[in-house]
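Here is the structure we will look at, set down as structure tokens.
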Amino acid sequence: MDFFKILYPIEWVVAWIMYLAHAAISLIGMNPDSGAAWGLSIVGLVVVMRIILIPLFFKQIRASRGMQILAPEMQVIQKKYKGKSDPASREAMSRETMALYRKHGTNPFSSCLPMLAQSPIFFALFRVLNSLGKIGAGTQTAIGPINKLIAHQAEQSTIFGAPLSSTFISASAQPGSAMNTRIVTVLLVVAMSATTFLTQRQLTMKNMPPAALEGPMAQQQKVLLYVLPLVFAFSGINFPIGVLIYWTTTNIWSMGQQFYTIRRMPAPGSEAERLMKARRIRKGLSEEAGAGGASGTTVIESPQPKGQRSQPVRKDRVRSKPVQPGAAGSDGARRNPAAKKRSTPPDGTGKSSDGRPPAAPTKPKK
């Protein structure tokens with residue numbers, strides 16, 4: 001009873017979201033008494049709650065990626081303590097595992113946050129749908145805006161002849177709609193199990209590196225991949241039609257959200273990352289395409305070589321190249337350019353261009 005008291009505020013929020021979504025659907029022209037209107041109000045509940053849970057979803061993605069990255073190190077720890085069941089070894093293994101989680105800033109329980117956060121909403125919706133008959137009959141107080149009139153209207157609405165609050169087991173108590181309830185329940189249970197399987201398979205097979213697909217943890221994930229759909233299939237016969245609509249819709253939302261995230265931000269070393277690189281090469285957005293691709297839209301500059309910076313050299317320190325024998329000019333003129341200026345013939349004044357008298361010609365030696 002205490003659990004139901006704690007759950008009541010969530011039931012109140014669920015009732016208000018369903019009521020407002022139903023009112024919005026009625027305003028666009030849909031029959032408010034139809035099962036389609038109330039079914040779409042449950043879909044609206046899924047949309048609102050999943051938008052609220054988007055931060056937890058990204059936290060789940062980061063946690064899953066962190067678990068995939070530390071998988072090789074986890075295998076080393078498991079091999080180190082393989083076959084050791086004494087308390088000291090188990091304690092040391094637990095201590096090293098927690099230190100590994102702290103090192104990578106991840107936690108295996110973070111990947112379950114969206115599912116754990118949705119569990120109270122799931123049970124609250126279950127309670128609201130099961131209370132429609134009692135509220136409509138006047139034997140139970142209203143839940144938020146769902147009073148006696150609204151509850152009676154929702155209770156009488158059907159989807160393909162199956163009431164929203166009916167279950168596979170309770171279908172025998174409704175002779176007029178027993179067969180329709182069973183058929184709709186089976187179809188929704190199959191859809192719920194199939195979307196659960198496809199969502200988990202998409203995460204396991206496409207967004208995990210090869211190293212994370214080995215070891216005990218990978219084996220547990222593979223077992224859950226096939227066990228969870230079976231659990232939902234056997235337990236789904238106890239769920240009302242409205243709860244099955246909610247669970248199937250949230251699975252479809254998760255699958256689409258996960259597909260977008262894996263395509264845009266795949267885990268390092270996974271199959272999804274390889275496919276993303278192949279798409280970027282085809283579009284000319286990768287480094288290979290930038291260097292010599294067809295599009296040429298991306299230019300990758302070669303990095304400058306690192307090393308000692310070349311020192312600047314003054315012009316007056318630049319050494320002249322040695323002159324080959326027979327070349328124009330003498331070695332002395334090259335070594336002393338002023339000598340060439342002094343040997344310039346006078347310009348009528350008997351002096352050279354630098355103001356000095358011309359040098360006397362030297363006599364050749366005998």
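None of the figures in this text is laboratory data; all of them are computed from the coordinates on show. Keep in mind that this is a model prediction, so the values were computed, not measured. As a convention, Cβ positions derive from the backbone with ideal geometry for all residues, glycine included, and neighbour counts pool all protein chains shown.
Find out how many positive minus negative residues lie around Asp86, taking Lys and Arg as positive, Asp and Glu as negative, among other residues whose Cβ is under 15 Å from that of Asp86.
Net charge around Asp86: +4.
On a full-extension model of 0.36 nm per residue, what is the gain between Lys59 and Arg274, subtracting their alpha-carbon distance, rounded to one decimal in nm?
Full-extension gain reported as 75.1 nm.
Can you give the net charge of the other residues whose Cβ lies under 14 Å from the Cβ of Leu164, counting K and R as +1 and D and E as -1?
-1
Measuring from label point to label point, each 7 Å out along Cα→Cβ, what is the Ala233 to Thr139 span in nm?
Each label point is offset 7 Å from its Cα along the Cβ direction, giving 3.6 nm.
Using r as the Cβ-Cβ distance of Thr204 and Asp33, and R0 as 51 Å, what FRET efficiency do you calculate, to the nearest 0.05?
Values: r = 44 Å, r/R0 = 0.86.
So, using R0 = 51 Å, E works out to roughly 0.70.
Given charges of +1 on the Cβ of Lys and Arg and -1 on the Cβ of Asp and Glu, with all other atoms neutral, how large is the dipole of region 1-156 about its Cα centre, in debye to the nearest 20?
Charge dipole of region 1-156: 820 debye, to the nearest 20.
What full-extension length gain, to one decimal in nm, is calculated for Lys82 and Met179 as 0.36 nm per residue of separation minus the Cα-Cα distance?
Numbers: separation 97, 0.36 × 97 = 34.92 nm, distance 5.45 nm.
Value of the extension gain: 29.5 nm.
Suppose each label sits 7 Å from its Cα in the direction of the beta carbon; what would the Arg264-Lys222 distance come out to in nanometres?
Label at Arg264, label at Lys222, 3.2 nm between them.
Can you tell me how much longer the chain between Ala24 and Tyr8 gets when fully stretched, taken as 0.36 nm per residue apart minus their C-alpha distance, in nm with one decimal?
3.3 nm
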